[in-house]
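One structure is given below, encoded as structure tokens.
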Amino acid sequence: MKYPQRIVCLTTEPTEVLYLLGEQARIVGISGFTTRPAIARKEKPKIAAFTSAKIDKILALKPDLVIGFSNLQADIAASLIRAGVEVHIFNQRSIAQMLNMIATVGSLVGASEKAFKLIAELENTIQLAKDTASQLPAKPVVYFEEWNDPMICSIKWAAELIEIAGGKDCFPELSQFHSAKDRTVQASQVIERQPDIIIGSWCGKKFQPEQVIAREGWDTIPAVKNGLVFEIKSADILQPGPSLITHGLQQVQAIIQQWALAHSNNRN
């Protein structure tokens, strides 16, 4: 069986996976938003943003497979399919779906064994985090903010990272929704939920904790009163690839452990 030899990655996640599997030689084009591994940005030509791509440049690379992520890339996929290119668009919104994505990418390039090994390593990291979380004195309520105007709360995988690390997502009833517009919240709703921790990761721009702290009435929120307002960079928590576990989970866990220490000191 001949597996794809010339792969274009429309987003950072498949690029990250192919490098981790040692199959990066197959990649002939990447997204300009690729962050991991950093060397990919030097080695591979950039042919796409996120919701736009240079179709002519992609076709010039003669790919035998194009891999992307999200329904937001449907128009790009359609253009490439009409041009006769084979396209696989993932739509992972949870950690389980992210792990399945790794398995599928491995299968597409004939590297299933390496993919299963990577999945096992990531699952082990998740289990270790759960074991650590089981020692916490309580579960802090965590408000995760993906965007500030309008305010958008956590996508499913971010809510799952919070739970794995021992916290409770502030808006669990909303995190299930794919679309950002379905996860909008009002400032008053966050005040009502009284989160112990606030984590910001504004997609594509720097989080401004001083803006969050200054919101009307937010000085009554425990996270603000106790100085527990943090940023996790988008590349670490808003791109649903292996880095969710290798970088995002570790940071969420460190933040919750910091809360646990302060919580313990306050009780003593």
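The values are calculated or read from the model by the stated rules, or taken from the named source; none is laboratory data. Small disclaimer: the values here were computed from a predicted structure and weren't measured. No Cβ is skipped: glycine too gets one built from the backbone with ideal geometry, and neighbour counts run over all protein chains shown.
Among the residues of the range 224-242, those identified as of a type in the set (Gly, Ala, Ser) and either farther than 22 Å from Gly68 by Cβ or in contact with a helix residue (DSSP H, G or I) (Cβ under 6 Å, 6 or more places away or on another chain) (or both) are Gly227, Gly241.
Within the range 66-100, the residues that satisfy the criterion of being more than 18 Å from Glu160 (Cβ to Cβ) and either buried (at least 21 other Cβ atoms within 10 Å of the Cβ) or in the same structural domain as Ala159 (by TED's automatic domain parsing) (or both) are Val66, Ile67, Gly68, Gln73, Ile76, Leu80.
Could you tell me whether the range 153-161 includes any residue that is farther than 22 Å from Leu136 by Cβ, free of Cβ contacts under 8 Å to residues at least 24 places away in the same chain and in contact with a helix residue (DSSP H, G or I) (Cβ under 8 Å, 6 or more places away or on another chain)? So far as the range 153-161 goes, no, none of its residues is farther than 22 Å from Leu136 by Cβ, free of Cβ contacts under 8 Å to residues at least 24 places away in the same chain and in contact with a helix residue (DSSP H, G or I) (Cβ under 8 Å, 6 or more places away or on another chain). If you scan the range 129-152, which residues turn out to be without any contact (Cβ under 8 Å) to a residue 60 or more places away in the chain, more than 17 Å from Ser243 (Cβ to Cβ) and out of contact with any Phe, Trp or Tyr (no Cβ under 7 Å at 6 or more places or on another chain)? Residues satisfying the conditions are Lys130, Asp131, Ser134, Gln135, Lys139, Val141, Asp149, Pro150, Met151, Ile152. Restricting the range 171-192 to residues that are in a loop (DSSP other than H, G, I, E, B) and under 18 Å from the mean Cα position of the chain (by Cα), the residue that is surrounded by the most Cβ atoms within 10 Å (Cβ to Cβ) is Ser175. When the helices (runs of 4 or more DSSP H) confined to the range 220-268 are screened for residues that are surrounded by fewer than 16 Cβ atoms within 10 Å (Cβ to Cβ) and either at pLDDT below 95 or of a type in the set (S, T, N, Q) (or both), those reaching at least 3 such residues are found at 250-267.
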